[in-house]
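Values in this text are rule-based calculations from the coordinates and carry no lab data. Predicted model only: the values in this text are computed from it and were never measured. Every residue, glycine as well, gets a Cβ built from its backbone with ideal geometry; the counts of neighbours run over all protein chains shown.
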Amino acid sequence: MATIIRGGAVLDLAGHRARPADILVEDDSIREIGPPGLPAPAAARTIDARDRLLIPGLVNAHTHSHGALARGLVPDAIPLEILLGYAGAVNGHRTLEDKYLSAQLSAIELLRKGCTACYDMFTEFPAPTTDGVHAVARAYRDVGVRAVVAPMMADLTLWQALPGLLASLPDDARRRVEGLRAAPAATSAATCRDILKAWPMDRGDVAPGLGPTIPLHCSDEFLTACRDLAREFDVGIQMHLAESRGQAVLGVEKYGTSLTAHLDALGVVGPRFSGAHAVWLDDDDVRRLSAAGASIAHNPMSNLRLGSGIARVRAMRQAGVRIGLGTDSASSSDTQNMFEAMRLCAYLSRVQTFDYREWITAEEAFRLATEGSADVLGMARIGRLAPGFKADVVFLDLSRTGWVPLNDALLQLVNGESGAAVDSVMVGGRLVLEHGRLLTVDEAKVRAEAERTAERLRTVNAESYALARAMADHVGAFCVRVAGRV
Ligand SMILES: [Zn+2]
């Protein structure tokens with residue numbers, strides 16, 4: 001099966017321009033890119049790309065598909081630790097259909113914003129199930145987005161995880177949460193083994209991974225079990241790493257070393273490991289990540305929304321750490337928009353230093369959002385438009401505001417595009433979005449189901465929300481005290 005994309009312009013990164021070119025696709029991959037008029041097999045299907053800029057599908061190195069159904073429910077102006085207190089409220093009482101639906105919704109948002117692959121730390125409350133992980137994988141396949149689906153897990157509750165938190169609570173508040181328990185490590189590890197033993201899909205489309213969520217929230221026993229599973233089945237392991245200042249301070253209190261050094265000592269940090277956020281790293285942490293061949297997923301929007309800080313992207317790049325860009329979930333950072341992620345990645349580096357030679361450029365940001373993230377996902381043949389790479393192509397409408405006149409394709413893309421110009425998207429040689437219309441699933445049906453489901457979930461989880469709200473100020477006060485410690 002051959003397809004020829006004619007009349008479009010391919011983004012020329014180094015030249016900052018839109019270079020007129022045709023793309024010949026065979027099966028799921030790019031066969032050839034050449035000047036207009038490129039020869040194609042007689043039976044090839046032709047796609048008209050006139051007035052379109054063709055870029056590789058963006059790759060999201062860190063998100064959470066369960067967040068899609070919880071869009072708008074995370075309160076304004078709260079730090080990460082208060083957000084974590086909402087886990088049960090946001091994720092409780094979800095049926096298998098809800099998990100599938102949330103992942104569909106999330107995947108649709110990604111596609112519509114030009115993103116064709118993601119690393120999904122998807123959670124089930126209270127523990128992962130084989131059926132749940134398979135349902136999420138199916139959702140990605142059905143919508144037509146590549147993904148690494150890594151069940152996000154913890155074997156300690158927030159109340160057990162943060163040293164000193166329980167003791168800091170007033171008696172009546174403490175009594176409400178001290179008896180809560182997370183799923184045992186052995187149970188979650190056994191479920192993961194079952195999932196990894198018989199993965200039902202082509203790993204080039206949807207691959208499994210492991211997501212022990214946060215070092216403090218996982219016992220060493222659980223972390224080493226995940227480490228061993230990742231090695232045995234050769235899959236990725238993603239964790240939230242030193243996301244907040246509180247985590248970094250409490251990590252040193254609990255382990256006597258930094259979080260990264262602790263994970264390194266456990267043998268968790270290696271080429272399969274990716275740390276999401278990686279905001280509070282010192283030079284030694286950065287050296288360790290680099291030496292181990294580990295990667296990080298930089299999530300600038302989420303880090304701003306939750307006041308977590310700004311990751312030292314330039315320092316990590318200089319040290320040779322592999323880096324991808326992510327959005328975090330639709331509940332904690334509101335838009336799964338890789339265009340925003342690119343722009344923030346570039347611009348935030350510019351408030352970290354006056355030395356403009358250290359700033360992240362538009363070209364670097366674009367590479368991080370494509371090749372960089374593809375590397376974090378462990379998918380070697382996505383993230384570039386080049387022969388031999390998967391035909392994951394985003395068609396941007398050059399007649400849209402922001403593209404007229406077309407002076408510098410790269411700067412107008414990274415500094416200006418919001419995703420509004422995404423007109424069509426091809427994944428693996430198959431059009432999944434055509435002139436704004438989703439071809440793979442019935443979007444109106446998904447929307448109706450999402451509204452119905454969200455209403456039901458808000459009702460059945462009302463008590464959990466009330467508890468999270470009642471505890472929020474206590475957690476917040478604890479975090480402010482912790483973050484103030486030197
Ligand atoms: Zn996250």
What the 10 Å binned alpha carbon P(r) of the range 369-424 shows, as percent of pairs per bin from 0, is 22, 42, 31, 5
Report, to the nearest 10°, how far helix 130-143 tilts away from the longest principal axis of the Cα atoms in the chain, using its own Cα long axis and a range of 0 to 90°.
30
Peptides ranked, highest mean first, by Cβ atoms within 10 Å: ranges 207-214, 448-455
207-214, 448-455
How long are the semi-axes of the ellipsoid equivalent to the range 209-318, from square roots of 5 times the Cα gyration tensor eigenvalues, in whole Å, largest first?
20, 15, 13
Antiparallel as a % of all DSSP beta bridges within the chain, to the nearest 5?
45
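Rounded to the nearest 500 deg cm²/dmol, what is the calculated helix-only ellipticity per residue at 222 nm for the chain, with -39500 (n - 2.57) per DSSP H run of length n ≥ 4?
Calculated from helices alone, the mean residue ellipticity at 222 nm is -11500 deg cm²/dmol.
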Between the range 146-207 and the range 428-486, what is the C-alpha centre distance in whole Å?
18
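Working out 0.36 nm times the residue gap between D473 and E455, then minus their Cα-Cα distance, what length gain in nm do you get to one decimal?
On the way: separation 18, 0.36 × 18 = 6.48 nm, distance 2.62 nm.
Value of the extension gain: 3.9 nm.
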In whole angstrom, note down how far apart the Cα centers of the range 291-309 and the range 326-392 are.
12
Using only the alpha-carbon atoms, how far is helix 245-255 inclined from the longest principal axis of the chain? Give it as 0 to 90 degrees, nearest 10.
60
With angles folded into 0 to 90 degrees, how steeply does helix 96-112 sit against the dominant principal axis of the chain? Use alpha carbons for both and round to 10.
50
With R₀ set to 25 angstrom, the calculated FRET efficiency between the beta-carbons of T353 and E253, to the nearest 0.05, is 0.25
Please list, or write none, the lysines whose alpha carbon is within less than 23 Å of the alpha carbon of K113, excluding same-chain residues fewer than 8 places away.
K99, K390, K445
Given R₀ = 22 Å, FRET efficiency for R181-A77 by Cβ-Cβ distance, to 0.05?
0.15
In whole Hz, the Karplus estimates of ³J(HN,Hα) for the range 67-77 (6.51, -1.76, 1.60; θ = phi - 60°; x where Gly or Pro) are x, 4, 6, 9, 3, x, 8, 7, x, 6, 6
Which net charge results when you count Lys and Arg as +1 and Asp and Glu as -1 among the other residues whose beta-carbon is under 13 Å from that of M1?
0
Using the number of other C-beta atoms within 10 angstrom as an exposure proxy, rank H435, H240, H298 with the fewest first.
H435, H240, H298
Extension gain (nm, one decimal) between L266 and E363, 0.36 nm per residue minus Cα-Cα:
31.3 nm
Extent along principal axes [Cα atoms of the chain; Å; largest to smallest]:
75, 51, 43
Explain nothing, just compute: Karplus ³J(HN,Hα) = 6.51 cos²θ - 1.76 cosθ + 1.60, θ = phi - 60°, for every residue of the range 44-58 in order, whole Hz, x for Gly and Pro.
5, 6, 9, 10, 7, 10, 4, 6, 10, 8, 9, 10, x, x, 6
Between M1 and Y465, what FRET efficiency follows from the Cβ-Cβ distance if R0 is 30 Å, with the result rounded to 0.05?
0.05
Of V313, A276, Q336, farthest towards positive along the dipole that unit charges on Lys, Arg, Asp, Glu beta carbons give the range 265-337
V313
Label model pair A448, A190: point-to-point distance (7 angstrom along the Cα→beta-carbon line) in nm is 4.2
Between D172 and D27, what is the label-point separation in nm under the 7 Å Cα-to-beta-carbon projection?
6.7
3J(HN,Hα) from dihedral phi, the range 257-266, Karplus parametrisation 6.51/-1.76/1.60, rounded to Hz, x for glycine, proline:
9, 5, 4, 5, 5, 5, 4, 5, 5, 7
